[in-house]
1. Pull out all pairs, ordered by first then second residue, where Cβ-Cβ is under 9 Å, the residues are six or more apart or on different chains, the first lies in the range 59-85 and is in contact (Cβ under 8 Å) with a residue 40 or more places away in the chain, and the second is part of a strand (DSSP E or B) and of a type in the set (Asp, Glu).
2. If a residue must be surrounded by 11 or more Cβ atoms within 10 Å (Cβ to Cβ) and farther than 15 Å from Arg96 by Cα, how many such residues does the range 62-75 contain?
3. Kindly state which strands (runs of 3 or more DSSP E) lie completely within the range 56-100 and contain at least 3 residues that are over 18 Å from Thr45 (Cβ atoms).
4. Those residues that are within 26 Å of Gln54 (Cα to Cα), at pLDDT below 85 and among the hydrophobic types (A, V, I, L, M, F, W, C), I need them from the range 5-32; list them, please.
Amino acid sequence: MLERILMLIVGIAIFFAFNWLLGYRKRSIVIDLDDRYVDWSDHVTAAKVELQKQGREVSYLGNGEFIIDGEYYMMINWNVSMARVPLQRTLFKYDRKKNKSKQMRRDVSE
């Protein structure tokens, strides 16, 4: 009985760790594009178009940095193997440091 409970707890922990590794975090944006992109500029353009299709305001600042709906994000290209099928996942990680400094500048100007 104790072994089953331990297996259940370990299984749940693995599930949450896997989801965390795949980018499902608070304020992160994850998109899976239909095509694979080797060239960075093509990947940036495709990601920007996909985000605009979702109704988001997108600006590319360069060097993997985006402003999406008024918030700073960093684009991370990640290749994941799902059931032996390669998947190119694009993660937009929320940049806490830049957004915090933006908020501080806004508070000072008011």
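The values are calculated or read from the model by the stated rules, or taken from the named source; none is laboratory data. What you are looking at is a predicted structure, and each value in this text was computed from that prediction instead of being measured. A quick note on method: Cβ atoms are made from the backbone with ideal geometry, for glycine too, and the neighbour counts reach across all protein chains shown.
1. Tyr73/Glu65
2. Within the range 62-75, residues that are surrounded by 11 or more Cβ atoms within 10 Å (Cβ to Cβ) and farther than 15 Å from Arg96 by Cα number 1.
3. So the answer is 71-82, 85-94.
4. Those that are within 26 Å of Gln54 (Cα to Cα), at pLDDT below 85 and among the hydrophobic types (A, V, I, L, M, F, W, C): Phe18, Trp20, Leu21, Leu22.
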